[in-house]
Amino acid sequence: MNDIRIGQGYDVHAIADGLPMWLCGIQVPSGRGFVAHSDGDVAIHALCDAILGALALGDIGKHFPDSSDEFKGIDSKKLLARVMALAAERGWGIGNVDITIALQAPKLRPLIDSMRSCLADILGCPLDCVSVKATTTEKLGFVGRKEGCEVWAVCILKK
């Protein structure tokens with residue numbers, strides 16, 4: 001029996017003026033935020049997809065559809081906690097996670113440690129098992145034009 005699984009997740013959200021920007025459970029001072037049915041935390045959404053993928057349980061849209069009023073405006077930390085409950089019910093826990101955020105602005109470096117800590121608390125794992133990295137796209141594409149954000153997440157689950 002395999003007691004290690006890997007999952008990969010990806011998500012993207014458009015950016016608009018006047019909305020809050022949430023990443024990895026932390027509100028980012030910006031004046032611009034993500035267009036979404038929930039709070040729009042694109043990083044947590046990608047991480048949920050990675051964990052659900054490792055569990056072979058589908059994707060975030062299957063579990064938390066954007067057509068449901070139950071999830072309108074919901075704090076994505078609650079979604080991640082529910083995904084972790086699904087993992088725990090099946091005997092799985094986090095080995096490690098690695099997240100890459102592509103966002104032209106604002107700069108995220110000052111918030112990375114808080115993001116890692118927030119995620120580690122929800123995931124129930126040590127801080128050194130959570131990696132969050134931020135990059136720009138050198139002003140290329142929709143990210144470079146500040147129209148959106150994309151995030152990739154990878155996780156290892158262990159029994």
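The values are calculated or read from the model by the stated rules, or taken from the named source; none is laboratory data. Please read all numbers here as calculations on a predicted model, not as lab measurements. Virtual Cβ from ideal backbone geometry, glycine too; neighbours counted across all protein chains shown. Heavy atoms of the whole protein, side chains included, go into the accessibility calculation; ligands, DNA and RNA do not. Shrake-Rupley method; radii C 1.70, N 1.55, O 1.52, S 1.80 Å.
In this rough spin-label picture, where each label sits 7 Å from Cα along the Cβ direction, the His37-Tyr10 distance is 2.1 nm. The phi-based Karplus calculation (6.51 cos²θ - 1.76 cosθ + 1.60; θ = phi - 60°) puts the 3J(HN,Hα) values of the stretch 105-120 at 7, x, 6, 9, 3, x, 9, 4, 5, 5, 4, 4, 5, 4, 5, 4 Hz, whole numbers, x for Gly and Pro.
Within the stretch 110-152, what residues put their amide N at less than 13 Å from the label point 7 Å along the Cα-to-Cβ vector of Asp66? The answer is 149.
Taken about its Cα centre, the chain carries a charge dipole of about 280 debye when Lys and Arg each add +1 at the Cβ and Asp and Glu each add -1 at the Cβ. In the chain, the longest principal axis of the Cα atoms and the axis of helix 42-54 are about 20 degrees apart.
Compared with the alpha-carbon gap, the fully stretched path from Gln27 to Lys158 is longer by 44.2 nm at 0.36 nm per residue. The label point for Leu57 and the one for Ala88, both projected 7 Å from the Cα toward the Cβ, are 1.2 nm apart. For the chain, carbon and sulfur atoms together expose 54% of the accessible surface, with a 1.4 angstrom probe and every protein chain in place. The 3J(HN,Hα) values that the Karplus relation (6.51, -1.76, 1.60; θ = phi - 60°) gives for the stretch 6-16 are, in residue order, 10, x, 10, x, 9, 8, 9, 9, 6, 10, 9 Hz. Gly and Pro appear as x. In the context of the full set of protein chains, residues of the chain present 48 Å² of accessible surface per residue (probe radius 1.4 Å, heavy atoms only). Amide H contacts of His13: Cys149, each under 5 Å away and 5 or more positions distant or on a separate chain (H built 1.01 Å from N in the peptide plane; Pro and chain starts excluded). Here the 3J(HN,Hα) profile of the stretch 59-67, calculated from phi with Karplus coefficients 6.51, -1.76 and 1.60 at θ = phi - 60°, is 10, 4, x, 5, 8, 9, x, 6, 8 Hz, Gly and Pro shown as x. With pairing defined as another cysteine C-beta under 4.7 Å, the cysteines of the chain that fail it are Cys24, Cys48, Cys118, Cys149, Cys155.
Whole angstrom only: what separates the Cα centroid of the stretch 43-77 from the Cα centroid of the stretch 103-129? So the separation of the two Cα centres works out to 19 Å. Annotation: amide H-H contacts under 5 Å for Lys133 (H modelled 1.01 Å from N, sequence separation of 5 or more, or interchain): Ile99, Thr100, Ile101.
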